[in-house]
Amino acid sequence: MPSVLFVCTANICRSPMAMGLWQTKVRSDPSWLIESAGTWSIEGVPAAENTLIVLAMRGVDLRGHRSQIISPELLRGFNLILVMESGHKEALGVEFPDIAPKVFLLSEMVGQQYNIIDPMGGPLDEFEETAKEFEQIFEQGFTRIVQLAQG
């Protein structure tokens with residue numbers, strides 16, 4: 001079963017947005033396991049309002065999303081872990097060295113290495129730019145993501 005975990009800091013903005021957009025991208029294949037989590041999240045917090053708005057404009061409903069924090073059990077359940085920032089990748093590699101080979105910056109899916117800027121606290125258009133960035137990465141990096149997610 002292909003599986004991907006999207007990771008950001010609080011699990012209320014970037015990672016749930018990426019999760020929702022990826023679910024839309026692969027919706028024709030119900031075998032996918034797709035979740036999101038945060039490195040410093042508080043359990044049970046809903047997605048940021050602007051995240052919900054940007055996703056709703058694309059037909060994605062994440063009103064039921066609640067944040068969850070990274071745990072060893074969660075990480076072991078995924079073939080691919082895509083993080084937003086180099087600090088996330090480094091932290092996961094140090095704390096959970098056994099899963100380090102499965103952790104990649106999302107930007108690495110298109111052959112680059114850069115951080116996805118957190119739009120939290122910014123205006124709606126910054127959230128829109130983040131969504132467009134995800135869509136572009138998912139379009140260009142689709143084959144690589146699928147290959148890695150299959151394990």
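Once the convex hull of the C-alpha atoms of the chain is built, how many Å³ does it hold per residue, rounded to a whole number? Kindly include the intermediate steps, with their values, before the conclusion.
Values: hull volume 15.2 nm³, N = 151.
Spread over its residues, the Cα hull of the chain gives 101 Å³ apiece.
Only helical DSSP H runs with n ≥ 4 go in: add -39500 (n - 2.57) per run for the chain, normalise by residue count and round the 222 nm mean residue ellipticity to 500 deg cm²/dmol. Walk me through the intermediate numbers first.
Details: 6 runs with 60 residues, N = 151.
Theoretical 222 nm ellipticity from helices: -11500 deg cm²/dmol.
Using a 10 angstrom cutoff on alpha carbons, build the Gaussian network for the chain and name the most mobile of VAL110, VAL94, VAL54.
VAL94
Shape of the range 100-149 from its Cα gyration tensor (a ≥ b ≥ c, root eigenvalues): rounded if a/c is under 1.5, otherwise prolate when a/b > b/c, or oblate? Intermediate values should be presented prior to the final figure.
Numbers: a/c = 2.82, a/b = 1.82, b/c = 1.55.
Since a/c reaches 1.5 and a/b is larger than b/c, the shape of the range 100-149 is classed as prolate.
Just the number, please: percent antiparallel of the DSSP beta bridges in the range 1-111, rounded to the nearest 5. Spell out each step's value before the answer.
Details: 1 of 15 bridges.
Percentage antiparallel, nearest 5: 5.
For the chain, modelled as a Gaussian network with Cα springs under 10 Å, which listed residue fluctuates most, GLU108, GLU73, GLU85?
Evaluated over the chain, the most mobile residue of the options is GLU73.
Of the candidates LEU52, LEU21, LEU74, which one comes out as most mobile in a Gaussian network treatment of the chain with C-alpha springs shorter than 10 Å?
In the Gaussian network model the winner is LEU74.
Just so you know, all these numbers are worked out from the coordinates, no wet-lab data involved. Since the model is a prediction, treat every value here as computed from it, not as a measurement.
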